[in-house]
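Trainee: Structure in structure tokens, see below.
The values are calculated or read from the model by the stated rules, or taken from the named source; none is laboratory data. Just so you know, these numbers come straight off a predicted model, no measurement behind them. In this analysis, Cβ positions are derived from the backbone assuming ideal geometry, glycine residues included, and neighbour counts consider all displayed protein chains. Surface areas here come from the heavy atoms of the whole protein model, side chains and all, with no ligands, DNA or RNA. Shrake-Rupley method; radii C 1.70, N 1.55, O 1.52, S 1.80 Å.
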Amino acid sequence: MSSTTSRRRPRPAERLRRLVAAAFLLVAPAAPAAAWSTDECEVPDDLLRLDAPLTRTAQRLVPGGTLTIVAIGSSSTFGAGASDPKMAYPSRLKRMLAAEMPETRIRVMNRGVNGEVVADMLARWDRDVTALQPDLVIWQVGANAALRATALGDYEDRLREGIRRTRAIGADMILMDPQYAPKVLARPIYRLVLAATDRVARENGVGLFRRFQMMHHWVEGGVLTFPVLLDPDQIHLNDRGYACVAAALTDAIVQAARPLTD
């Protein structure tokens, strides 16, 4: 990939540490360095793997290219819990990818709507996804199903429909599963939601961003806690949580696309 690949490629953990350090500066540029450890958001490499290629994304991540991403989802895409829309994960993802791939123009459009389930998102898909002609669709799903539903119903079928519509326009897709948070954990159906999301991703060759497992790793590892990552409502991420998610997602995208562009 020209000058980008002529440099020594950072190991995933090293690259993630750098991204998190940049995220910290965006949150609180005047805060002392001790207020944020750049190691806090690291996750094992196997959790960063999307397990599916991002072919269209790789074609756009070239010098002079433009990568257009649509982030569709509910409140944790919209940015509920963040102090400012610029602190939500889509805005952070744009800045982090631009820093990682400075020779590519990065466009990230936030199409999150608070409170929606997959049926609501499909109802606006033509306007908020297809019409924007993205190269990559990041679809955050499952949290509201876990919070509200007593049975999965047609959840898997609706995910397949979104995948079908994305492929019809030649775009890549990443599914993002629910967050690891107390209000999700209080609903036993979350296990079925996670399993169904994973199953649909695997059966359809779609990348899965394992947000639940990543947050579990952070919290259960004892480095980050729910109060550090989450809004006081115990469901939505705060600025720091969104920074960690965006950094990990940036690294996952780069890993999935870069082998195809080298």
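Trainee: In segment 201-227, which residues are touching a residue at least 40 places away in the same chain (Cβ under 8 Å), within 14 Å of E42 (Cα to Cα) and of a type in the set (V, I, T)?
Mentor: V223
Trainee: For V129, only one of the following conditions fails: (1) surrounded by fewer than 17 Cβ atoms within 10 Å (Cβ to Cβ); (2) closer than 18 Å to T68 by Cβ; (3) of a type in the set (V, I, T); (4) touching a Lys or Arg at 6+ places or on another chain (Cβ under 9 Å). What is its number?
Mentor: (1)
Trainee: Is it true that some residue in segment 86-101 is at pLDDT below 50, among the aliphatic types (A, V, I, L, M) and open to solvent by 10 Å² or more (accessible area, probe 1.4 Å)? It would help to see each step written out before you state the result.
Mentor: Taking segment 86-101 first, the residues at pLDDT below 50 are none.
No, segment 86-101 contains no residue that is at pLDDT below 50, among the aliphatic types (A, V, I, L, M) and open to solvent by 10 Å² or more (accessible area, probe 1.4 Å).
Trainee: Among the residues of segment 143-154, write down those that are open to solvent by less than 10 Å² (accessible area, probe 1.4 Å) and in contact with a Leu (Cβ under 9 Å, 6 or more places away or on another chain). Write out each step before concluding.
Mentor: Initial filter on segment 143-154 (open to solvent by less than 10 Å² (accessible area, probe 1.4 Å)): 143, 146.
A146, the sole residue that qualifies.
Trainee: Where in segment 190-262 are the helices (runs of 4 or more DSSP H), entirely inside, with at least 2 residues that are among the charged types (D, E, K, R) and either under 25 Å from V70 (Cα atoms) or modelled with pLDDT of 95 or more (or both)? Even if it seems obvious, please write down each step before you answer.
Mentor: Values: elements: 190-203, 211-220, 226-229, 239-261.
Those helices (runs of 4 or more DSSP H) span 190-203, 239-261.
Trainee: Looking only at segment 209-229, count how many residues are hydrophobic (A, V, I, L, M, F, W, C) and open to solvent by less than 10 Å² (accessible area, probe 1.4 Å).
Mentor: Going residue by residue through segment 209-229, those that are hydrophobic (A, V, I, L, M, F, W, C) are 209, 212, 214-215, 218-219, 223-224, 226, 228-229.
This time we only want the ones that are open to solvent by less than 10 Å² (accessible area, probe 1.4 Å), so: 209, 214-215, 218, 224, 229.
Number satisfying all stated conditions: 6.
Trainee: Can I ask one more? So which of D135, D157 ends up being charged (D, E, K, R) and crowded, with 23+ Cβ neighbours inside 10 Å? Break it down stepwise before answering.
Mentor: Numbers: D157 fails: crowded, with 23+ Cβ neighbours inside 10 Å.
None of the other options fit; the residue is D135.
Trainee: For D46, all conditions in the list (1) charged (D, E, K, R); (2) over 15 Å from C244 (Cβ atoms); (3) touching a residue at least 12 places away in the same chain (Cβ under 8 Å) hold save one; what is the number of the exception?
Mentor: (3)
Trainee: Does D120 satisfy the criteria of being of a type in the set (D, E) and over 20 Å from Y155 (Cα atoms)? Please lay out each step first, then the result.
Mentor: Details: of a type in the set (D, E): yes; over 20 Å from Y155 (Cα atoms): no.
For D120, the condition - of a type in the set (D, E) and over 20 Å from Y155 (Cα atoms) - is not met.
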